[in-house]
Structure formats: C-alpha cells, structure tokens
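Step one of this worksheet: look at the structure below.
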Amino acid sequence: MRTLPFLLALAVLGVGCGSDAASGTSGWVWDLPEGIPEPRVPEDNPMTTAKVELGRFLFFDKRLSGNETQSCGTCHEQALAFTDGLALAEGSTGQIHPRSSMSIANSAYAASLTWANDVLVRLERQALVPMFGEDPVELGLANMEEELLERLRDDELYPEMFSEAFPNQPDPINLDGITKAIAAFQRSITSFKSRYDRWQAGDPTSLNESEQRGLALFLGGPNAAGVEDAFECFHCHGGFLFSQASDDAGQVFDQKFFMNNGLYNLDEDGSYPPGNEGIFDMTGDPADKGRFKPPSLRNIGLTAPYMHDGSIATLEEVLDHYARGGRLIEEGPNAGDGALNPNKSSLVSGFQMTEQEKADIIAFLNALTDEDLLTNPAYSDPFAAE
C-alpha cells in the first residue's frame, strides 16, 4: 500500500512547476536550455504540476494492465532512456510485439508517434493503443475500462490526486483524465543535458577530440577521402532532436517524416516482413513499403538493439549497414539485398568509412547520452521503493 502523501510527491517533482503546485492549475515552466523550443501542448490538456505527477504514478502503475503484471514503465525503463533493451517488446500476456519499444524521452516533440503511423500524433490518443489494443495485446485492458476505473477509485491516493489534477470535474477519475495525465507526464520528460548539449552551450571541454571529429563527420564534414557530406547523417537525423520527424510550438508545417533505409528487400516490390512493412500497413501504397520514422538519436547509446524490429545489435553494425547502402541477408525467409530495394531513400547510398571514422562517429553518438535523464526523480517510478 502506498503511504507517500500527495503533496510530498509533488515536492519530489522539483523542476517544471509553477508557484502554486497544489492547485492543479499552476503555470508550468519548461526546464529547457537556450535554443531548445517549447513543445506543442494541446489546448485541452495544459501542463500542470498536479497532472504531471498523477501521470507519473499512472505511468508506472501495474494496475493499468489487465492482469496487473505490467505498466507503461515496463517497456519504457528510465535507466535505458525509456526503452526496454529488447529487440521486440513483450506484452502483459506474453505476446511479442512486432516492433521494438521506442524511447519516450522528448516525445513531446514527436511529429508522429510510434514507428509507422502517420495519423497518430497526440499522446492522449496514443495511450489508448497499448492500454486497449488487441493486435498485439500490450497492457491488455480491452473490455475492462470499468474495472480499471474501479481499481483507481478504490486506491488510497488516486481520488485526491485526480481531484488535484482536474479540479473542476465532479468525477475526475475517468478514461479521459487517465490519458491526459499520462500524456502530460510523457511531455514533461525532456532530455537536453548531454555532453553534446554542454558543448553547444559553450563548454569546450565537454567533447574530446574523437567526439568532435565524429560531430564534424555527422554534420557533413569531409571524410578521409575528402568527400564532403559522405555520411548523410544529419539529413534524416538533424535538428535539436536529431530526427527530422520533429515538431514544436513554433512549427507551422507538417513535420511527419518516414523513410526506407534498405533494411530488407524480400521481392521486386521491396517488401519487408509481412505485417511489419512500415506505413504501407496503413496506406496500402506499395511505395510506402519499408518506410518508418527515423527515431531521435539522443541517448542512442542506451537504446540497443536498433531499428524498428531490433534486428541490428550494435551501433557499429548500424554504421556498417549504412556504409553498405542497405543490408544483405543471404538466406532464410528474409533473404534479399536491401541496397537494391526500389523504395529505399536516395540518402542511403553507401559510403567509404575508415575504422577511425567509425570510432569517432560512435564516440559522438555516445556523447548524446543524458545522464540526468536516467536518475531524475521527476521521471522515476514512485512504486520502486515500496
């Protein structure tokens, strides 16, 4: 049973709160470095300290799964930059998801959510998918909405927490409040305190020589052969988020972005493994086969294995894949040469790379790790010490 008083829980939150943390209507102050824009926040779900703290509890509460064995935090562990270390996510009933768990750090800036959905753009709606989805089963709450609400209403602290977060509602414990609180907590998880960020802020000691060389190559500097922009990294992983698929409060145009990187090539149409073919699974357009969202590279050193299906184990292998211009699978059900995929982006054209250049780029990518993210109590599991 939880005994932590709600107001003490709010105090743990620390950064990001306004002057009246207990009111549920306090202003929210984003803890962002200079040069990082504020994220876009829906008008019907403004950020408040009480709502974010409620969302933190809900995010880590295993009662939000049908059999009470998993929470959102099961597949999004703080110590792994809110991923799970698995190639493919596993749901509460043991069903294996066809894709890996994407980090939710900086999800407030995502132009679209999940690996391959061009219409799912709000965290409030996205929360319903793992909760109630049946193909695959994740949290397994299908047809259990009333039971879920009763679990929360019977809790010692939730009635007060919901009232604090949604003070103008006579019965605030409802599905809308649950998804809004979880979404608010997810938006609060920002990650801009890496050594790279300190370098950007003017600290010349925060990146060593290898990391600086890797940064230069990443941004299009010449490689050992004198070729400018040999690696093409920033074209898909540019900007403050290190992903072109980013959005913020100041953006006007649609920033959704999907691409085929030559991971598979099963037939003359450039097919990927059935049921996991990117946005083609939604659009039915053959040109969309294999098109997935390029994830943010922030904290990428902690989020292995890589790609939408976790099929590449290390950053070294990722660079080898792009150096070749696509992956060659010589045998088995997924045999084919991804470099020849007809839908592959022209940006994945292959390049020459020395071992030193590979080491430098990986060193830079590891400098994108935000150590504060991994231990910040504002993002931690409130049940962990119980």
Next item on the list: May I ask you to say which residue of Gly66, Gly55 is at pLDDT 95 or above, part of a helix (DSSP H, G or I) and either over 19 Å from Lys180 (Cβ atoms) or in contact with a helix residue (DSSP H, G or I) (Cβ under 6 Å, 6 or more places away or on another chain) (or both)?
Entry: Gly55
Next item on the list: Filter the stretch 69-95 for residues that are crowded, with 16+ Cβ neighbours inside 10 Å, of a type in the set (Val, Ile, Thr) and either at pLDDT below 95 or over 24 Å from Ile173 (Cβ atoms) (or both) and give the result.
Entry: Thr83
Note to self: Anything in the stretch 114-131 that is crowded, with 21+ Cβ neighbours inside 10 Å, part of a loop (DSSP other than H, G, I, E, B) and touching a helix residue (DSSP H, G or I) at 6+ places or on another chain (Cβ under 6 Å)? List them, or say none.
What the structure shows: Ala127
Check: In the stretch 232-258, what residues are among the charged types (D, E, K, R) and within 15 Å of Tyr109 (Cβ to Cβ)?
Finding: Asp247, Asp248, Asp254, Lys256
Notebook entry, point to check: Which one is nearest to the chain's Cα centre (by Cα) among residues in the stretch 196-223 that are under 25 Å from Met353 (Cα atoms) and either assigned to a loop (DSSP other than H, G, I, E, B) or modelled with pLDDT under 95 (or both)?
Noted result: Leu219
Next item on the list: Taking Tyr272 as meeting all but one of (1) closer than 21 Å to Phe351 by Cα; (2) buried (at least 21 other Cβ atoms within 10 Å of the Cβ); (3) touching a Leu at 6+ places or on another chain (Cβ under 8 Å); (4) of a type in the set (Phe, Trp, Tyr), write down the number of the exception.
Entry: (1)
Margin query: So the check is Cβ under 7 Å with 6+ separation or different chains; which pairs have a first residue in the stretch 129-156 that's over 20 Å from Phe383 (Cβ atoms) and a second one that's acidic (Asp, Glu) and outside any loop (DSSP other than H, G, I, E, B)?
Written below: Ala142/Glu134
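Residues are listed down the side, and each one gets a yes or a no for (1) of a type in the set (D, E, K, R); (2) at positive phi:
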site	(1), (2)
Cys72	no, no
Glu77	yes, no
Thr83	no, no
Thr93	no, no
Trp115	no, no
Val119	no, no
Val137	no, no
Asn143	no, yes
Notebook entry, point to check: Only one residue in Phe253, Phe192 is free of Cβ contacts under 8 Å to residues at least 12 places away in the same chain, more than 18 Å from Leu315 (Cβ to Cβ) and aromatic (Phe, Trp, Tyr), so which one is that?
Noted result: Phe253
Margin query: Going by what's in this entry, would Ala335 be described as modelled with pLDDT of 95 or more, among the small types (Gly, Ala, Ser) and within 29 Å of Asn276 (Cα to Cα)?
Written below: yes
Checklist line | Cβ pairs under 8 Å, 6+ apart, first in the stretch 228-243 and closer than 18 Å to Pro37 by Cβ and in a loop (DSSP other than H, G, I, E, B), second of a type in the set (Lys, Arg) and at pLDDT 95 or above | finding: Leu241/Arg298; Phe242/Arg298; Ser243/Lys293
Check: Of all residues in the stretch 275-287, which are surrounded by fewer than 20 Cβ atoms within 10 Å (Cβ to Cβ) and either in a loop (DSSP other than H, G, I, E, B) or of a type in the set (D, E, K, R) (or both)?
Finding: Gly275, Asn276, Asp281, Gly284, Asp285
Checklist line | Matching helices (runs of 4 or more DSSP H) fully within the stretch 299-386 where at least 2 residues are under 27 Å from Pro222 (Cβ atoms) and in contact with a Gly (Cβ under 7 Å, 6 or more places away or on another chain) | finding: 315-324, 355-366
Notebook entry, point to check: Could we say that Asn265 is in a loop (DSSP other than H, G, I, E, B) and farther than 26 Å from Gly214 by Cβ here?
Noted result: yes
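The values are calculated or read from the model by the stated rules, or taken from the named source; none is laboratory data. All values derive from a computational prediction rather than experimental measurement. Positions of Cβ are backbone-derived with ideal geometry, glycine not excepted, and every protein chain shown enters the neighbour counts.
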